[in-house]
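Notes to accompany the following structure.
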Amino acid sequence: LARRALLDSLATEGLLTRNSSLEVPTMVRRVALVTSASSAACADALHELESWAIGWDVVLVDTQVQGMGAESMIAAAIARAVSEGVELILLVRGGGSRSDLGPFDSERVARAIALCAVPVWTGIGHEIDRSVADEVAARSHKTPTACAAAVADMVRAQLDLAHDLWSGIERRCTEVVSRG
């Protein structure tokens, strides 16, 4: 009931879609990874980003993601990420019990995401988990790895498009020069 009431309140204030209305640069290079630096979620997301060899500038913002005080620490970490001049924030945390994932159902974290000046993508929990943070984020993904892969897919698609356009320009120039 508390979760539903929070979602209703956020919807009434127009905050459920606020972060998703922010434009995500399709060639994003400076990404914040907000999570516990010692977690498997962090390692998985970093591995996924590094495997694409795009040359990301990843700003790791270490924060506690469960337990006492996690809500305020996550909210502060989101603000810290913004102050680092990132273009996109990935808020990730691996699976756990409902109580372990509790901070992501909190009003404080939801408002930090909704009111963030930078788009926030989430990858929280496993396939079946859905938090309030997921509801207010610009995009949500089933896992930390899926969240990082989505960024890589978006950038790779833009790089492929740029390559195709450049190849077309080269072909056309060659045709024009060949005709003399």
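Given N residues in segment 45-151, what is its alpha carbon radius of gyration divided by 2.2 N^0.38 Å? The partial results should precede the final answer.
Details: Rg = 12.8 Å, N = 107, 2.2 N^0.38 = 13.0 Å.
This ratio for segment 45-151 stands at 0.98.
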Expected unfolding gain across S51-R80 under the 0.36 nm per residue rule, minus the alpha-carbon gap, is 7.8 nm
Projecting the Cα atoms of G95, L165, S72 onto the charge dipole of segment 71-180, where Lys and Arg contribute +1 and Asp and Glu -1 at Cβ, the residue farthest towards the positive end is L165
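Exactly which trypsin sites (Lys or Arg not before Pro) in segment 56-154 are in a DSSP loop and have at most 12 other Cβ atoms within 10 Å? Provide the component values of the computation, followed by the final result.
On the way: sites: R80, R93, R98, R108, R111, R130, R139, K142; in loops: R98, R130, K142.
Sparse-neighbourhood loop trypsin sites (Lys or Arg not before Pro): R98.
Can you give the convex hull volume of the alpha carbon atoms of the chain per residue, in Å³?
Values: hull volume 22.5 nm³, N = 180.
So the per-residue Cα hull volume is 125 Å³.
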Of all GluC sites (Glu not before Pro) in segment 89-166, the ones in DSSP coil with at most 12 other Cβ atoms within 10 Å are E127
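Counting Lys and Arg as +1 and Asp and Glu as -1, each charge on the Cβ, what is the dipole of segment 17-136 about the Cα centre in debye, to the nearest 20?
Details: 9 positive and 16 negative charges, 57 e Å.
Computed about the Cα centre, the dipole is about 280 debye.
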Heavy-atom accessible area of segment 1-113 with neighbours in place, 1.4 angstrom probe: carbon+sulfur share in percent works out to 53
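Taking R0 as 25 Å, what FRET efficiency do you get between S72 and R3 from their Cβ-Cβ distance, rounded to the nearest 0.05? If you can, show how the numbers build up before the last one.
Details: r = 19 Å, r/R0 = 0.76.
After rounding to 0.05, the efficiency reads 0.85.
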Farthest towards the positive end of the dipole of the chain, among T122, P25, S51 and with Cβ unit charges of +1 on Lys and Arg and -1 on Asp and Glu, lies the Cα of P25
Phi angles of segment 126-140, converted by Karplus (6.51 cos²θ - 1.76 cosθ + 1.60, θ = phi - 60°) into ³J(HN,Hα) in whole Hz with x for Gly and Pro, give 10, 3, 8, 7, 9, 10, 4, 4, 4, 5, 9, 5, 4, 8, 10
Answer in debye to the nearest 20: the dipole magnitude of segment 91-180 about its Cα centre, from +1 Lys/Arg and -1 Asp/Glu charges placed on Cβ, is 160
In the neighbourhood of A150 defined by beta carbon distances under 14 Å, the net charge of the other residues (Lys, Arg +1; Asp, Glu -1) is -1
Total charge of the residues flanking S106 in space, meaning their Cβ is under 11 Å from its Cβ, with Lys and Arg +1 and Asp and Glu -1, is 0
Note to self: with every protein chain in place and a 1.4 Å probe, the chain gives an accessible area per residue in Å² of 50
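The values are calculated or read from the model by the stated rules, or taken from the named source; none is laboratory data. What you see is a predicted model; the values in this text were computed from it and never measured. Counting neighbours? That spans all protein chains shown, and the Cβs are built from the backbone with ideal geometry, glycine included. Surface accessibility is based on the protein's heavy atoms, side chains included, excluding ligands, DNA and RNA. Shrake-Rupley method; radii C 1.70, N 1.55, O 1.52, S 1.80 Å.
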